[in-house]
């Protein structure tokens, strides 16, 4: 079992863009999730596919004790720099090097749709304590804004069929797994101040964009720059608040 090539190659090639353009997680969403999972300060938690540490920061800020799992070496470097005291393990969700029944909760932010649920879910049940929580989060562009709607159309043109959290596979696997309680969810809107470069970096941080041939990638990013300039406020001031929403899901082991 290995990271899908498009993820391994794409995210490795776009670490700087990922770190700059991807938003963090709204504190109110994080607090609500931790309350639903009844996690208190000091709880021992596992974060899968921790990336550059955007959700790691939220876990530390809440007083939890996280162990970060990240299979890609280029992502582990900034995470280790930002949070040198957080244990960092190179591993996959489908093959976790931990003892059974260790963790109060497991989290995956922006990542669960990349996992093979047939292999990952038994591993998650194994490392969780009885009644332990599973929390899943995604920050998602709100296509009600014309810039984001245009970005989505451009990405659809070049998407070779990579996994998406909008697809039902991951959710169906959780709902059909008798080892987990029924999945619950909430959704929260927020806005992120952006400049003209943010939409470009946001698209450049997408795995399948980062792996495009150089000429195709530059042509695509030029179209994204034009999209940004089509927004009157962004073109006039160089700044605009772009809308996102955070999709949050949680369950517990039975």
(request) Assuming R0 = 22 Å, can you tell me the calculated FRET efficiency for the pair residue 102 and residue 40, based on Cβ-Cβ distance, to the nearest 0.05? (result) 0.80
(request) Go ahead and set up a Gaussian network model of the chain, Cα springs under 10 Å, then flag whichever of 29, 173, 13 fluctuates most. (result) 173
(message) If I take every Cα pair under 8 Å that is 6 or more residues apart in region 5-252, average their sequence separation and divide by the length, what percent do I get for the relative contact order?
(response) 26
(request) Could you estimate the translational diffusion coefficient of the chain from the Stokes-Einstein equation, with Rh from the Kirkwood formula over C-alpha pairs, at 20 °C and 1.002 mPa s, in whole µm²/s? (result) 114
(request) Report the residue, chosen from 105, 219, 235, that carries the largest GNM mean-square fluctuation when the chain is represented by alpha-carbon nodes joined by springs under 10 Å. (result) 219
(request) Restricting to region 5-252, compute how many DSSP beta bridges are antiparallel as a %, nearest 5. (result) 60
(request) Determine the distance separating the Cα centre of region 88-118 from the Cα centre of region 226-246; give it in Å without decimals. (result) 36
(request) Please identify, among 163, 232, 243, the residue showing maximal mean-square fluctuation in a Gaussian network model of the chain using a 10 angstrom Cα cutoff. (result) 232
(message) For the chain, take the longest principal axis of its alpha carbons; what is the angle in degrees between that and the long axis of helix 73-82, to the nearest 10 within 0 to 90?
(response) 80
(message) Quick check on packing: order 16-26, 208-218 by the mean number of other C-beta atoms within 10 Å, highest mean leading.
(response) 16-26, 208-218
(message) How far apart, in nanometres, would the label points at residue 142 and residue 187 be if each is projected 7 angstrom from Cα along the Cα-to-Cβ direction?
(response) 1.2
(request) Please give, to one decimal in nm, the separation of the simple spin-label points placed at residue 236 and residue 159, each 7 Å out from Cα toward the Cβ. (result) 3.3
(message) Between 0 and 90 degrees, rounded to the nearest ten: what's the tilt of helix 214-230 against the longest Cα principal axis of the chain?
(response) 80
(request) Can you tell me the 0 to 90 degree angle between the C-alpha axis of helix 27-36 and the longest principal axis of the chain, rounded to 10? (result) 20
(request) Just subtract the alpha-carbon distance of residue 89 and residue 225 from 0.36 nm times their residue separation and send over the number in nm, one decimal. (result) 45.2 nm
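Readers should treat all values here as calculations from the given coordinates under stated rules, not as data from a laboratory. Note that the structure is predicted; figures quoted are calculated from it, not measured. Quick reminder, even Gly has a Cβ in these numbers, built from the backbone with ideal geometry, and neighbours come from all protein chains shown.
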